[in-house]
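Below is one structure; the comments refer to it alone.
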Amino acid sequence: MKSFTYERPSTPAEAAAAVGRTPEAKFIAGGTNLLDLMKLQIETPRHLVDVNGLGLDTVEPTDDGGLRIGALVRNTDLAAHPRVRKDYGVLARALLAGASGQLRNKATTAGNLLQRTRCPYFYDTAQACNKRQPGSGCSALDGVSRQLAVIGGSDACIATHPGDMAVAMRVLDATVETVDGVGAARTIPIAEFHRLPGDDPARDTNLQPGELITAVTLPKPVAGTHIYRKVRDRASYAYALVSVAAILSKDGSGHVAFGGVAHKPWRVEAAEADLPKGAKAVTQQVFADAKPTHENAYKLTLAERTLGAALNQARV
Amino acid sequence: MVGAIAPAAAARTDEPVLVKVTFTVNGQRRDLELDTRTSLLDATREHLHLTGSKKGCDHGQCGACTMIVDGRRINACLTLAIMHQGAEITTIEGLGGPDNLHPMQAAFVKHDGYQCGYCTPGQICSGVAVLEEIKAGIPSHVTANLEATPQITEAEIRERMSGNICRCGAYSNIVEAMTEVAGARA
């Protein structure tokens, strides 16, 4: 690990200002992903701004019947929150499907949104990776791509967003709240929070340098069966090959987002009208522009079948 | 600013940066001055010579380093020691020793919950915390009804212990040990 300096401010504006004014500075919250990457020298910040003293750790009802989740609410606490379990089951399920108990105790809401890809070429510093080292190329395109993106990728990058929580937040139409170094707040719809790689895969999100997430807001609950189905190589503690976050009525109508398939949670709202017709009618539209590799074309079949299983689950 | 930690100069440096931190380990107050890079695991093993907690993968994948910090189990390898100013930390040494075994330690011995023993301190710290998590009503991936109180079942124990790897494969005996401790407590 490279050496770094450290500070622990006490307000969000101070924290954002500290990262804004310090070259190569990063926020650290739970640290479970950042420290992993720092040990491998994939991330080499010169300065860490510890945001654990900022508060931002409560879940509060909003005036319009929704929920405002502080950036530092731990994954364990969010999944266990009575309102989340009752009204946003898809979010509780997604959180509980991710990582391990130890990691969920540390990992935060904001940090989970910002976790980086687990593409093996991003992690292997001896390989070309445009996300880790812009301009170096992408070893994944002709490499081991079984776990990588089938849609929304580019000639520069086919990495996936690795998280589960964000997929649930996408189907819930969450909004990300931020503050920047001069104290200006803004909100970003979750659909616009994560980027597609394009020709600049080093940037995972549309956050500006020094911009700090303060909360994630959920609109009022959506009725229906809340489902998160995650297909992975082992029964627990593994990344999704494909996941489905869905809120469905008995007739199949509702909303669905897919994880494990793209650089961001993947949702095509226009296809949702066809949910009552069955999984195939939907996935044909959702994945119409898919460009799978020879190793990950199976994900298209898997996505259809996983959605089919979710539709069956909602009918019961 | 919070605590005694001051921002160091922002100038680019490859020199080690030392920061003071105070926390409680197994009931004893400890004052340390550490390189900012020091993990909580390295602080306890290398600086405090509490070598019960083990370093397996050093990347949060194996669970051998599991400690209980402020009542919660965490991977001590994936957290910086200096981020734990004022924390209450319990390692395997704090749960019990040869003459005063914690019930979970005694149950692991009775049920043969280990072979080589390398993962065992992490398994035991995790096991103690898992039973507390179930008691606190925290659901898991295998909890059928999110709104019901989770029960202590084999499926719940297996899922919740999935962050602790045992390459000897003592899993079934670990489940038996935890089940016995849970039952004795109920």
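Values quoted throughout were computed directly from the atomic coordinates according to the rules given, and no laboratory measurement underlies them. Every value quoted in this text rests on a predicted model; they were computed, and no experiment measured them. Cβ coordinates were reconstructed from backbone atoms using ideal geometry, including for glycine residues, and neighbour counts include every protein chain displayed.
Summary of computed values
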quantity	calculated
For the range A:1-151, convex hull of alpha carbons as volume per residue, Å³	154
Hits among lysines - C-alpha to C-alpha of A:Lys299 under 25 Å, sequence gap 8 or more where chains match	A:Lys131, A:Lys230, A:Lys264, A:Lys277, A:Lys280, A:Lys291
Alpha carbon convex hull of the range B:64-106, projected area averaged over orientations, nm²	3.5
Binned Cα-Cα distance frequencies in the range A:5-49 - 5 Å width, integer %	5, 24, 31, 23, 13, 4, 0
Cα centroid separation - the range B:93-122 against the range A:1-63, whole Å	36
Estimated distance in nm for a label pair at A:Glu269 and B:His59, the labels positioned 7 Å out from Cα along Cα-to-Cβ	3.9
Mean Cα-pair separation over length for the range B:103-182, i.e. relative contact order, pairs under 8 Å, 6 or more apart, %	48
Chain B - percent relative contact order, Cα under 8 Å, separation 6 or more	20
Cα pair distances of the range A:22-108 binned at 10 Å [whole percent]	16, 40, 30, 13, 1
At least 20 Å along the helix axis (C-alpha) and Kyte average at least -1.0, DSSP helices within chain B	B:120-135, B:171-185
Reference-scaled alpha-carbon Rg (2.2 N^0.38 Å with N residues) for the protein assembly as shown	0.96
Equivalent ellipsoid, the range B:18-95 (semi-axes from 5 times Cα gyration tensor eigenvalues, Å)	17, 14, 11
Structure-based [θ]222 nm, chain A - -39500 (n - 2.57) summed over DSSP H runs of at least 4, per residue, nearest 500	-7000 deg cm²/dmol
Förster-model FRET efficiency, 45 Å R0, B:Leu18 and B:Cys168, C-beta, rounded to 0.05	0.70
Rule-of-thumb Rg ratio for the range A:74-209 [Cα; 2.2 N^0.38 Å; N residues]	1.14
Against the rule of thumb 2.2 N^0.38 Å, how large the Cα Rg of chain B comes out	1.12
Most to least packed among A:125-133, A:29-37 [average Cβ atoms within 10 Å]	A:29-37, A:125-133
Modelled FRET efficiency - R0 22 Å, A:Val316 with A:Gln284, Cβ distances, 0.05 increments	0.30
Total charge dipole magnitude, the range B:18-95, about the Cα centre, Cβ charges on Lys, Arg, Asp, Glu only, Debye to nearest 20	140
Inter-chain shielding of B:34-41 (mean C-beta neighbours from other protein chains, 10 Å cut-off)	3
Number of Lys pairs (Cα under 25 Å; 8 or more positions apart or on different chains) in chain B	4
The range A:1-74: antiparallel DSSP beta bridges as a percent of all, rounded to 5	30
Under 11 Å from the A:Ala184 label point (7 Å along Cα→beta-carbon), backbone N, the range A:1-27	none
Diffusion coefficient, µm² s⁻¹, Stokes-Einstein with Kirkwood Rh over alpha-carbon pairs of the range B:108-186 at 37 °C and 0.692 mPa s	258
Helical contribution to [θ] at 222 nm, DSSP H n ≥ 4, -39,500 (n - 2.57), averaged over chain B, rounded to 500	-8000 deg cm²/dmol
Among B:Ile157, B:Ala136, B:Tyr171 - extreme Cα towards positive end, dipole of the range B:103-182, charges at beta-carbon	B:Tyr171
Ordering of A:282-291, B:78-87 by packing [mean C-beta count within 10 Å, highest first]	B:78-87, A:282-291
At 0.692 mPa s and 37 °C, Stokes D of the range A:235-316 from Kirkwood alpha-carbon radius, µm² per second	255
Point-to-point label distance, A:Lys220-A:Asp63, nm (Cα→Cβ direction, 7 Å offset)	1.4
Segments B:47-53, A:72-78 sorted - mean Cβ within 10 Å per residue, highest first	A:72-78, B:47-53
Normalised contact order of chain A, rounded percent, pairs of Cα under 8 Å and 6 or more residues apart	18
FRET efficiency, 1/(1 + (r/R0)^6) with R0 41 Å, evaluated for A:Ala202 and B:Thr153 via beta carbons	0.35
Signed unit charges on C-beta, dipole axis of the range A:206-270, positive-most listed residue A:Thr214, A:Val244, A:Val268	A:Val244
Fraction of antiparallel bridges per DSSP, chain B only, in percent to nearest 5	90
Number of partner chain Cβ atoms within 10 Å, mean per residue of A:91-103	6
Residues A:Met38, A:Met1, B:Met67, B:Met104, sorted so that the one with the fewest Cβ neighbours within 10 Å comes first	A:Met1, A:Met38, B:Met104, B:Met67
Neighbouring partner chain Cβ atoms per residue of B:16-24, average, 10 Å criterion	1
